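Heads up, the thing below is written out as structure tokens.
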Amino acid sequence: MKKIISIIIVLLIGHTSMAQLFNPQSKEITSTYFSDPEVDIPTPAFAKKRGFTTYSEMMDFLSALVKKHPDVLQLSYIGKSQKGRDIPFLLINRSVQNHSPKVKVWIQAGIHGDEPASTEGVLYLISELLENSDYAYLLDKLEIGIIPMANIDGSEKLLRYAADGRDLNRDQTKLMVPESIALKQTFSNFGAEVALDFHEFRPYRRDYMAMNPFGLTNPFDVMFLYSGNLNVPDTLRKYTENSFVNNARKLLEEHSLSSHPYYTTSDYQGYTVFNQGAVNSRSSATSYALSNCISTLVEVRGVGLGKTSFKRRTTTIFLTALSYLKTAASESQTVKEVLRLSLEQRKNSDAVVTSLRKVENTTLPFIDMYEATKVDKEVILRDALRSKALLSRSLPKAYILLPEEKALAEKLKVLGLQVNELKKETTIEVEAYRVTDYYKVLKKYEGVQQQQVKTRLENKTVTFPAGSHIVYTDQKNTGLAIETLEPEAQNSFVSFGLLPTGEGEELPVYRYNSNTKLQ
Ligand SMILES: [Zn+2]
């Protein structure tokens, strides 16, 4: 009997409308803090009582807009999901006479399939940009590339992961999932100068339950994740925060929507700690910033809430995207100047291999789930936005990989790096990496058994065969070469086991420090 009841419960939870019954959010908290705005949104999910926009409803919605605005909106496909569905890419670009160079803005959503407001908000944005004349001026200054549903198989089932069980937003250096390879290749080809990745976060977390007798919930409508990675020049990091993020936070505040820099919680040696910001190049916010791009991952309060506050969540995404477009349009010349300065700074900076977050006690606001009141709690904050370098190396003039590392060279190309081939056998002075410490992590991460290494640099003369792969470091995406090729880096090819090694071994990756270009 017990078994039958639990099967019924599992079946009910699987059904989206019934999931509302198990929604952790009280009506009081919804009406006090997260009520829906009075606005009509023309996207598919608001035309029906239950459920979210399906892939086919989205495609019908987009096709109708393409038909109506063929001169501005183009639809193409970047590849297929693992279940064979075409992944759409929208380009919004109006030809303008005698314009200054446009700013290229990249917008993506639905990389996690259980975050439906991300797709909905982006569909709302597309329709407003095309149909609302108030926003027509933005298209004089901007070219906008949009992936509205990156993880189609996950979205169709309201599941976070792709069909193979992997997380597309942990795959941006190892590039093992077809969808993330297609996404990254399209991003690299597009050449984004500003990038937004929309998500939803889970406001009811087990870690919060232990902090208060009746539990706590996150009080923010939206949290902004921008990179604290030290291989992203500080010119770029500061401008992203001071201009784009701050303008968005102001616009949201005018609409009574609250925001905060992004944090999440984790268990750290038995303590619940709050991790603010990010440095990991396996995820989009940092990966895109390392492509010399103004990059932000936007997390709206929504996972686990079903359709509660869905209009509010969708509006929050729309307004955030709109603010980024307005900033990009009004500061188009500054954007280009900051990116130029940032690239100069990148060429003249060390390669930061590992870094440490600043740890401190601080106070964060929450909502008490029983009283429905705001409360402040003291927390331990590990802040990636204030990181310092732990291991740095000088930036070589080039990294060289032996010819047999073709698969890695292909990944570097997907990451937007130019990879040259050595035309004839060449003997040169280089630095080699000798593995001095080796540890294989037992527990798999994303289906991968990770390696942790320490290496020593050794000067030596090496004869490189023709076909060796050369990655010069005076290019735009050099930060991604550092993150993937420096072996100790947390998301490197060595760390993800793509370059199997062992103690005492020499890696097939070398550092070249001469100004003489290789032939
Ligand atoms: Zn997400």
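The values are calculated or read from the model by the stated rules, or taken from the named source; none is laboratory data. Given the structure is predicted, the values throughout are model-derived calculations rather than measurements. Cβ: placed from backbone, ideal geometry, glycine included. Neighbour counts: every protein chain shown. Ligands, DNA and RNA are excluded from the accessible area calculation, which covers all protein heavy atoms including side chains. Shrake-Rupley method; radii C 1.70, N 1.55, O 1.52, S 1.80 Å.
All other residues with a Cβ under 9 Å from the Cβ of VAL103 taken together, and with Lys, Arg as +1 and Asp, Glu as -1, what is their net charge?
Around VAL103, the charge tally is +1.
Could you please report the charge total around GLY277, scoring K, R as +1 and D, E as -1 over all other residues with beta-carbon less than 11 angstrom from its beta-carbon?
Overall, the nearby charge balance is +3.
Considering amide H positions built from the backbone, and no H for Pro or chain starts, which residues 5 or more places from VAL509, or on another chain, come under 5 Å of its amide H?
The list, which skips near neighbours in sequence, is TYR433.
Can you check what the net charge comes to around GLN449, using other residues whose Cβ is under 9 Å from the Cβ of GLN449 (Lys, Arg +1; Asp, Glu -1)?
Here the charged neighbours net out to +3.
Relative to the longest principal Cα axis of the chain, at what angle does helix 2-14 sit, 0 to 90 degrees, rounded to 10?
Tilt relative to the chain: about 80 degrees.
In whole Hz, with x marking every Gly and Pro, tabulate ³J(HN,Hα) for region 189-201 from phi via Karplus 6.51 cos²θ - 1.76 cosθ + 1.60, θ = phi - 60°.
Calculated HN-Hα couplings, in order: 5, 5, x, 4, 9, 10, 9, 10, 10, 8, 9, 10, 10 Hz.
Modelled label-to-label distance, LYS374 and VAL359, 7 Å Cα→beta-carbon offset: nm?
Between LYS374 and VAL359, the simple spin-label model gives 3.0 nm.
For region 394-512, what percent of Cα pairs sit more than 23 Å apart?
I get 27 percent for the Cα pairs in region 394-512 exceeding 23 Å.
Please say if region 82-203 is rounded, prolate or oblate, where rounded means a/c under 1.5 for a ≥ b ≥ c the square roots of the C-alpha gyration tensor eigenvalues, and otherwise the choice is prolate for a/b larger than b/c and oblate otherwise?
prolate
Just list whichever of LYS83/LYS184; LYS80/LYS238; LYS68/LYS102; LYS157/LYS374; LYS102/LYS157; LYS184/LYS336 have alpha carbons separated by over 29 Å in the model shown.
Pairs exceeding the cut-off: LYS80/LYS238; LYS157/LYS374; LYS102/LYS157.
Whenever you get a sec, compute what percent of the accessible area on the chain sits on carbon and sulfur atoms (1.4 Å probe).
Here carbon and sulfur together make up 50 percent of the probe-accessible area.
Compute the angle between helix 332-347 and the longest alpha-carbon principal axis of the chain, please, reported from 0 to 90 degrees and rounded to the nearest 10.
Helix 332-347 and the main axis of the chain meet at about 40 degrees.
Just to check, using Stokes-Einstein with a Kirkwood Rh over alpha carbon pairs, what's the diffusion coefficient of the chain at 25 °C and 0.890 mPa s in µm²/s?
101
Keeping all protein chains in place, calculate the accessible area per residue for the chain (probe 1.4 angstrom), answer in Å².
Ligands and nucleic acids excluded, the figure is 43 Å² per residue.
Can you give me the long-range amide H partners of GLY497? Hydrogens built in the peptide plane at 1.01 Å from N, cutoff under 5 Å, separation of 5 or more residues or another chain.
GLN451
What translational diffusion coefficient, to the nearest whole µm²/s, does region 156-230 have by Stokes-Einstein, given a Kirkwood radius computed over alpha-carbon pairs, a temperature of 25 °C and 0.890 mPa s viscosity?
In µm²/s, the coefficient is 157.
Run lengths n ≥ 4 of DSSP H only: what is the helix-derived mean residue ellipticity at 222 nm for the chain, with -39500 (n - 2.57) per run over all residues, to the nearest 500?
Rounded to the nearest 500, the figure is -8500 deg cm²/dmol.
Which order do GLU410, GLU120 take when ranked by solvent-accessible area (1.4 Å probe, heavy atoms of all protein chains), largest first?
GLU410, GLU120
Taking the Cα atoms only, what angle lies between the long axis of helix 55-68 and the longest principal axis of the chain, rounded to 10 degrees?
Approximately 90 degrees, to the nearest ten.
How big is the dipole moment of the chain about its Cα centre under a simple scheme where the beta carbon of each Lys and Arg is +1, that of each Asp and Glu is -1, and everything else is neutral? Debye, nearest 20, please.
So the magnitude is around 540 debye.
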